[in-house]
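Have a look at the structure below before the remarks.
Every number in this text was worked out from the coordinates using simple rules, so none of it is lab data. Treat the numbers as computed from the prediction; the structure is a model and nothing was measured.
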């Protein structure tokens, strides 16, 4: 019986979606093909940016694409050469692989959104890079769907509708106040200065608490906080009204007559993302309402 256990473990590893009995099987599998497409799209995205030149925010976008591409390429190499079967760091390599895909997806999604805001209508290479960036995100999403069975139990929250929505809210919320900060939220006029500053602060503290809730959800700590759904629901409702009010105030104090200027277009983009985030908070509150009601109902 003791001799049979290693055989069973080897067999289960061989049947894993990330590994396979040989590198050829992985390369020709649907997971391997999607990973190859990700590598090609990622390389094209950052190569187009490098060809144009980069600086400031665009440099961060390029770095985000490169970091995701490098880790994805390394993981592809380890699995294709079956080196992943020899790695033992306390958890299975399949779990590490799906975690890399999840982090890379959100990293590239954030980078693509920022690049879309900072791309001009005449910048053909940057537009093409952004298109490949969003295609890259779609490919990562497909890969995560194929590998979701390898995800640890704590990260399976991000595979659910509520988890995906919470992550998108955190991305859009971060984009909102980041764009407002880049455009300048101070205007040094009576009323305008305090209005934009309040909107900036409202965006940030709603985002911070939402990010904390997301981190709690993907860790075992969420199981120790029994009313986590109720807390999440009430904070979603509060953040909806907060983001909505802040975006209305910001819209009143845009102080721009020509949105062709970078500052004005960035400020307008921040306001649009503010309204989008408010809508997402409303959808999240609607989804959490059922869980909250079930949690407080007798029996």
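For the reader, a short list of remarks on this structure follows.
- The distance linking the stretch 62-104 with the stretch 118-152 is 18 Å (Cα centroid to Cα centroid, whole angstrom).
- Rg/Rh for the stretch 15-151, where both radii come from Cα atoms and Rh is the Kirkwood radius: 1.02
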